[in-house]
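S.K.: Shown below is the structure under consideration.
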Amino acid sequence: QKEVEQDPGPLSVPEGAIVSLNCTYSNSAFQYFMWYRQYSRKGPELLMYTYSSGNKEDGRFTAQVDKSSKYISLFIRDSQPSDSATYLCAMSANAGGTSYGKLTFGQGTILTVHP
Amino acid sequence: DSGVTQTPKHLITATGQRVTLRCSPRSGDLSVYWYQQSLDQGLQFLIQYYNGEERAKGNILERFSAQQFPDLHSELNLSSLELGDSALYFCASSVATMDTQYFGPGTRLTVL
């Protein structure tokens, strides 16, 4: 079983829809949670960064972390065709472990927003 | 543009060969990370360097090695290449370990 599970989709929604992307994880040492967006043939670009449990909002994007359920989410409001990309969740453990600094990624969800 | 540069963009080579991928981190970043992205395995952490020293290691094959030089650029060496090594190789950098990682555009390696 992978440490981080993410539904690869693909996910296709109409413009203006609310998109929900999710990841589950098994390693309780994960403390830092990120969402990256990757356009085709490009490097991943950081969208959201959260520490421990809670919500964080940035424009049309909201990240939620529920450590008790080992579940994280990214919501995209008023989705646009330019949001079409692969969305990757990523996590890292707290300081002091051998995996310090290492990001563990989900498989990525391919999102298409059609006009 | 993240500020992380990687060369070359594309690399085509044959099985059994050796290649070197180069990464220049963002100005001021001391930490460099290497990742491999393939269709079946996704994005996998290979190795991390901080200010010239190896800091963390992932599932990096023995045929692969890396180093970070005094000017902080890093090189990933892949030897005895196999068809299965074909993938995108990304470099990322951060100010220090646990800071936000910024990814470069990647090097696409094709092994024929």
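S.K.: Which ones in the range B:98-112 are touching a residue at least 60 places away in the same chain (Cβ under 8 Å), within 11 Å of chain A (Cβ to nearest Cβ) and either open to solvent by less than 60 Å² (accessible area, probe 1.4 Å) or in a loop (DSSP other than H, G, I, E, B) (or both)?
M.R.: Step one: of the range B:98-112, the residues touching a residue at least 60 places away in the same chain (Cβ under 8 Å) are B:99, B:101-112.
From what is left, the residues that are within 11 Å of chain A (Cβ to nearest Cβ) are B:99, B:101-108.
Once the filter is applied, which keeps residues that are touching a residue at least 60 places away in the same chain (Cβ under 8 Å), within 11 Å of chain A (Cβ to nearest Cβ) and either open to solvent by less than 60 Å² (accessible area, probe 1.4 Å) or in a loop (DSSP other than H, G, I, E, B) (or both), the range B:98-112 yields B:ASP99, B:GLN101, B:PHE103, B:GLY104, B:PRO105, B:GLY106, B:THR107.
S.K.: Between a residue in the range A:1-12 that is in contact (Cβ under 8 Å) with a residue 12 or more places away in the chain and any residue that is small (Gly, Ala, Ser) and open to solvent by 70 Å² or more (accessible area, probe 1.4 Å), which pairs come within a Cβ distance under 8 Å, given they are 6 or more apart or on different chains?
M.R.: Partner pairs satisfying both residue conditions: none exist.
S.K.: Follow-up. Every residue in the range B:1-16 that is in a strand (DSSP E or B) and under 14 Å from the mean Cα position of the chain (by Cα), please. Outline the logic, then answer.
M.R.: To start, the set of residues in the range B:1-16 that are in a strand (DSSP E or B) comprises B:5-7, B:10-13.
Of everything in the range B:1-16, those that are in a strand (DSSP E or B) and under 14 Å from the mean Cα position of the chain (by Cα) turn out to be B:THR5, B:GLN6, B:THR7, B:HIS10, B:LEU11.
S.K.: In addition: Could you list, in sequence order, the residues of the range B:80-97 that are surrounded by fewer than 17 Cβ atoms within 10 Å (Cβ to Cβ) and not polar (S, T, N, Q)?
M.R.: B:GLU82, B:LEU83, B:GLY84, B:VAL95, B:ALA96
The values are calculated or read from the model by the stated rules, or taken from the named source; none is laboratory data. From a predicted model like this one, the values you see are computed outputs, not experimental measurements. Every residue, glycine among them, receives a Cβ derived from its backbone with ideal geometry; neighbour counts consider all protein chains shown. With ligands, DNA and RNA removed, areas are computed over all heavy atoms of the protein, side chains included. Shrake-Rupley method; radii C 1.70, N 1.55, O 1.52, S 1.80 Å.
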